[in-house]
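A.B. asks: A single structure is presented below for examination.
The values are calculated or read from the model by the stated rules, or taken from the named source; none is laboratory data. This is a predicted model, so every value here is computed, not measured. Don't worry about glycine lacking a Cβ; one is built from the backbone with ideal geometry, like all the others, and counts go over all protein chains shown. All accessible areas refer to the heavy atoms of the entire protein, side chains included, with ligands and DNA or RNA removed. Shrake-Rupley method; radii C 1.70, N 1.55, O 1.52, S 1.80 Å.
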Amino acid sequence: MIEQLSFFESEEIAEEETHERSEEEQKEFEEWREKKKEAKARFTAMQNLPYEVKVRRAEQRAIEFIEQMDARGCNAHVSVGGLDSITLLIFLRHIGIDVPAISVSAVEDKSIQRIHQILGVETVKSYKTKVEVLNEVGFPVISKKIAGRIDLLQHPSPDNQTVRHAILTGECGAQGHFAKNSRMQLPKKWLELFGGVENEKYGTNYKAAPFLISNKCCYFLKEKPCDDWAKEHNSWPFLGMMASEGGQREEALVDHGCNYYGKTVMRSAPFAPFLRQDILQLALDLDVPVPEIYGEIKRKTDGTLYTTKAQRTGCSMCGFGIHMEERPHRFDRLREQNPKEWEFWMYKCCTDKRTGQKFGWGRVLDYIGVKWEDYPSVQLSLFDLQEVEQ
């Protein structure tokens, strides 16, 4: 959710408009940028350490976090989802850290849920169902950043007027250093499809989508329930995040490192410098039970480890990044694995408030230009042909 420019977005904008800053502001910005480069270089060096060194460092960071929690009178827990965090849970137990494990298991694949049960992971309930999220909050599509901006455009208010103006025009206020043509503006492709809410005001001719877009799905499904559990138990999490996953996670881990002790947030990500090969090797070393959705961990002829089925998993109704996937994409694979679930998500999961008609991800994918109905090709039976002829 973007109610104001983030610090990093403000600095992205500032970098484009250096001529509009004073000499003192320019000096501060250059110092900030140099610190960012140094932090990135240090983190890259950690990522390039040998596997055995990274594992020992992960053990040290985990023990340090437990010691800090004890010193602060707090508890710790493991937030568990897919293979990475399952590996983290078993790793922590292997080094003698036995803390509670929690998960909103209902949003995970059935095979992941079975592993959670075997490992004794406590189930936390979502505050909204997936269907409620899509109907009431919006579809998670394109990316978290883009979805957050579209969400603001679809919910205009006096409080977000300045940010909406930047999203539509690229023109920022004081917090964005009065930049023009800033990166806050939606890319033209998405402006054409989602920028039409205020056509009359801006004299534009953009489209307005017949459905809601949002980046708040994880907030209601996972983040808020787990945060509330943590507050109730005075506990802070171990997370299976890796900077190699990119995006906002990478930015946070590079800036704050494995262990972070803030005023309102504390967490440990012992695997932060790990690469994908590291986590798969550790899973093999610890004999981690691999959920069926991933298949098996195998090694290519060049030594590279991989999982024979899914490389990554997520919620079955998540669409972030779908527009960049090759066929078969995630919804194609869902169709092969569970045709009934695919049919529900594509055609029936939502109700149009204006018409009362059922619709689903199919409408969204059609709107953003992602093919979905033509794979796999289905051969009509004789019975089907007779129905068509009638």
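A.B. asks: At a 4.7 angstrom Cβ threshold, list every cysteine in the chain that has nobody to pair with, or say none.
C.D. replies: So far as the 4.7 Å Cβ criterion goes, Cys74, Cys172, Cys217, Cys218, Cys226, Cys258, Cys349, Cys350 stand without a partner in the chain.
A.B. asks: Under the Kirkwood approximation applied to all pairs of distinct alpha-carbon atoms, what is the hydrodynamic radius of segment 222-324 in Å?
C.D. replies: Details: mean 1/r = 0.0627 Å⁻¹.
For segment 222-324, inverting the mean 1/r across all distinct Cα pairs yields 16.0 Å.
A.B. asks: Let me ask something else about it. What number, in nm² with one decimal, is the all-direction average of the projected area of the convex hull of the alpha-carbon atoms of segment 38-137?
C.D. replies: Values: hull surface 37.7 nm².
For the Cα atoms of segment 38-137, the hull's average projected area reads 9.4 nm².
A.B. asks: Cα-based Rg of segment 240-390 per 2.2 N^0.38 Å, rounded to two decimals? The partial results should precede the final answer.
C.D. replies: Working: Rg = 20.9 Å, N = 151, 2.2 N^0.38 = 14.8 Å.
Normalised Cα radius of gyration, segment 240-390: 1.41.
A.B. asks: For n ≥ 4 DSSP H runs only, could you compute -39500 (n - 2.57) per run for the chain, divide by its residues and tell me the 222 nm figure to the nearest 500? Can you show the working numbers first?
C.D. replies: Working: 16 runs with 167 residues, N = 390.
Rounded to the nearest 500, the figure is -12500 deg cm²/dmol.
A.B. asks: How far apart, in nm, are two points set 7 Å out from the Cα along the Cα-to-Cβ line at Ile297 and at Thr123?
C.D. replies: Between Ile297 and Thr123, the label points sit 2.7 nm apart.
A.B. asks: Say the dipole of the chain comes from +1 at the beta carbon of Lys and Arg and -1 at that of Asp and Glu; which of Val290, Trp190, Pro140 then lies farthest toward its positive end?
C.D. replies: Value: Val290.
A.B. asks: So if the hydrodynamic radius of segment 241-299 is defined as the Kirkwood radius over C-alpha pairs, what does Stokes-Einstein give as its diffusion coefficient at 37 °C and 0.692 mPa s, in µm² per second?
C.D. replies: Details: Rh = 13.0 Å.
Reported coefficient: 253 µm²/s.
A.B. asks: Consider just the alpha-carbon atoms of segment 108-152 and return their Rg together with their Dmax, both in angstrom.
C.D. replies: Spelled out, the Cα radius of gyration and Dmax of segment 108-152 are 14.7, 42 Å.
A.B. asks: Here is a further query. Eigenvalues of the Cα gyration tensor times 5, then square-rooted: what semi-axes does that give for segment 314-373, in whole angstrom, largest first?
C.D. replies: Values: eigenvalues 77, 38, 17 Å².
Ellipsoid half-lengths, sorted descending, are 20, 14, 9 Å.
A.B. asks: Find how much the distance from Asp227 to Asn205 grows on full extension, using 0.36 nm per residue of separation minus their present alpha carbon separation; answer in nm with one decimal. Display every interim value, and only then the final one.
C.D. replies: Working: separation 22, 0.36 × 22 = 7.92 nm, distance 4.18 nm.
The span from Asp227 to Asn205 would gain 3.7 nm if fully extended.
A.B. asks: Still on this structure, I have one more. Sticking to Cα atoms, compute the Rg of segment 84-188 to one decimal and its Dmax as the biggest Cα-Cα distance, whole number, in Å.
C.D. replies: That works out to 20.7, 55 Å for Rg and Dmax.
A.B. asks: Measure off, as a whole percent, the carbon and sulfur share of the 1.4 Å-probe accessible area of segment 163-290, all protein chains present. Spell out each step's value before the answer.
C.D. replies: Working: 3090 of 5980 Å².
Reported share for carbon and sulfur atoms: 52 percent.
A.B. asks: Just the accessible area for Leu239, please: 1.4 Å probe, Å², rounded to the nearest 10?
C.D. replies: The accessible area of Leu239 comes to roughly 40 Å².
A.B. asks: So, one more: Please calculate how many Å² of accessible area the chain carries per residue, with a 1.4 Å probe and no DNA, RNA or ligand atoms counted.
C.D. replies: Ligands and nucleic acids excluded, the result is 54 Å² per residue.
A.B. asks: Magnitude of the Cβ-charge dipole of segment 188-244, K/R +1 and D/E -1, about the Cα centre, nearest 20 debye? Can you show the working numbers first?
C.D. replies: Values: 8 positive and 7 negative charges, 45 e Å.
Once rounded to the nearest 20, the dipole reads 220 debye.
A.B. asks: Still on this structure, I have one more. Rounded, prolate or oblate, given the Cα gyration tensor of segment 23-77, with a/c below 1.5 counting as rounded? Before the final figure, lay out each step's value.
C.D. replies: Working: a/c = 5.75, a/b = 1.58, b/c = 3.63.
Verdict is oblate for segment 23-77.
A.B. asks: A further question on this structure: Which whole-Hz ³J(HN,Hα) couplings does segment 278-292 yield from phi under the Karplus relation 6.51 cos²θ - 1.76 cosθ + 1.60, θ = phi - 60°, glycine and proline marked x?
C.D. replies: Residue by residue, segment 278-292 yields 5, 5, 5, 5, 5, 4, 5, 4, 9, 6, 5, x, 8, x, 4 Hz.
A.B. asks: Largest first, please: the extent of the C-alpha atoms of segment 107-252 along each principal axis, to the nearest Å.
C.D. replies: 58, 33, 29
A.B. asks: Over the Cα atoms of the chain, what is the Rg over Rh ratio if Rh follows Kirkwood? Can you show the working numbers first?
C.D. replies: Numbers: Rg = 23.3 Å, Rh = 23.5 Å.
Rg/Rh: 0.99.
A.B. asks: If the reach is capped at under 20 angstrom between alpha carbons, list the lysines near Lys224, excluding any in the same chain fewer than eight residues apart.
C.D. replies: Lys125, Lys128, Lys130, Lys144, Lys145, Lys216, Lys263
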